[in-house]
Amino acid sequence: MRLYALCDQEMLDAKGISIEEFITISRQNNAEIIQYRNKTADIAFIKQQLIAIRRLYDGFLIVNDKYELVEFCDGVHLGQEDLRAIDTDIDKAVKIVRSVIGKDKILGISTHNEAEVLQANEMDLNYIGLGALRGTKTKKDVSTILGDNLDKIASLSKHYVGAIGGVQKDDKFNHVTYHVIGSGLLV
């Protein structure tokens, strides 16, 4: 298993866990990538958190949504809705983001079905997140549960694939590069 740790600020606050504690746990689990996600804070706070994580962690650091902060990390991850906020044409939105962050930064997007994976194959991406594998407490709006079909759909991707949504450390896949785990690291 290769680990992509999802550091969600709302989850940290709810569980009373500091960034430092989360980084320690991520290191203990050999996380190769940490994504920092904060859907409610202002950009100055998110920047501070990225700087704090970077001081503690020398692996790959990804920021969720805030591609304008990519200079403080190694890349950005965007969901389908976040891409549509940039442009209603997802392909065009990815091109816009890539032009802003440059070729040397990592770019990943969320996908939820075969059609989105096939569309992502034509995009200038480094990886996709695919899911949800199963229901999760941290995302209440999960509409697509892929279950056993996730690995089959992952096999269609030309990019690295991170399984998302309710993923556990002991899940087994053939075509998934990373287990994306957030609160599951904390149990």
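Laboratory data are not the source of any read-out in this text; all were calculated from the coordinates shown. Remember, it's a predicted structure, so these values are computed and weren't measured experimentally. Neighbour counts run over all protein chains shown; Cβ positions are idealised from the backbone, glycine included.
A simple spin-label model places pseudo-atoms 7 Å from Cα toward Cβ; at ASP42 and GLU10 they are separated by 2.1 nm. Phi angles across the stretch 88-94 convert, under the Karplus curve 6.51 cos²θ - 1.76 cosθ + 1.60 with θ = phi - 60°, into 3J(HN,Hα) values of 5, 8, 4, 4, 5, 4, 4 Hz, Gly and Pro given as x.
Under the simplified labelling scheme, the LEU156-LYS103 pair shows an inter-label distance of 3.0 nm, with each label point 7 Å from Cα along Cα→Cβ. With R₀ set to 30 Å, the beta-carbon distance separating ASP58 from SER18 gives a calculated FRET efficiency near 0.95. Note: relative contact order over the stretch 1-148, using C-alpha pairs below 8 Å and six or more positions apart, is 15 percent.
With the simple model of a label 7 Å out from the Cα in the direction of the Cβ, LEU186 to ASN113 spans 3.2 nm. For ALA85 and ASN30, what does the FRET efficiency come to when R0 = 35 Å and r is the distance between their Cβ atoms, rounded to the nearest 0.05? Computed FRET efficiency for ALA85 and ASN30: 0.55.
For the stretch 77-123, trypsin sites (Lys or Arg not before Pro) meeting the loop criterion (DSSP other than H, G, I, E, B) and having at most 11 other Cβ atoms within 10 Å: LYS103. Counting every other Cβ atom within 10 Å of each residue's Cβ, MET1, MET123 order from fewest to most as MET1, MET123.
When only the Cβ of Lys, Arg, Asp and Glu is charged (+1, +1, -1, -1), the dipole of the chain relative to its Cα centre reaches about 280 debye.
Using bins of 5 Å that start at zero, the share of Cα-Cα pairs per bin across the chain amounts to 1, 8, 18, 21, 22, 17, 10, 3, 0, in whole %. Here is how the number arises for the chain: DSSP H runs of 4 or more residues each give -39500 (n - 2.57), the sum is divided by the residue count, and the result at 222 nm is -9500 deg cm²/dmol.
Ranking LEU150, ALA132, ILE23 by how far each Cα lies toward the positive end of the dipole of the stretch 3-186 (charges on Cβ) leaves ILE23 at the top.
Using the Karplus relation 6.51 cos²θ - 1.76 cosθ + 1.60 with θ = phi - 60°, the per-residue 3J(HN,Hα) values for the stretch 116-128 come to 5, 5, 5, 5, 5, 4, 8, 9, 7, 10, 9, 7, 10 Hz, with x marking Gly and Pro.
Report the residues of the stretch 87-113 in range of a label on SER143: point 7 Å along Cα→C-beta, backbone N strictly under 18 Å from it. Once the point is set 7 Å along Cα→Cβ of SER143, 87-91, 110-113 turn out to lie under 18 Å by backbone N, inside the stretch 87-113.
Among beta bridges identified by DSSP and lying wholly in the chain, the antiparallel ones come to about 0 percent.
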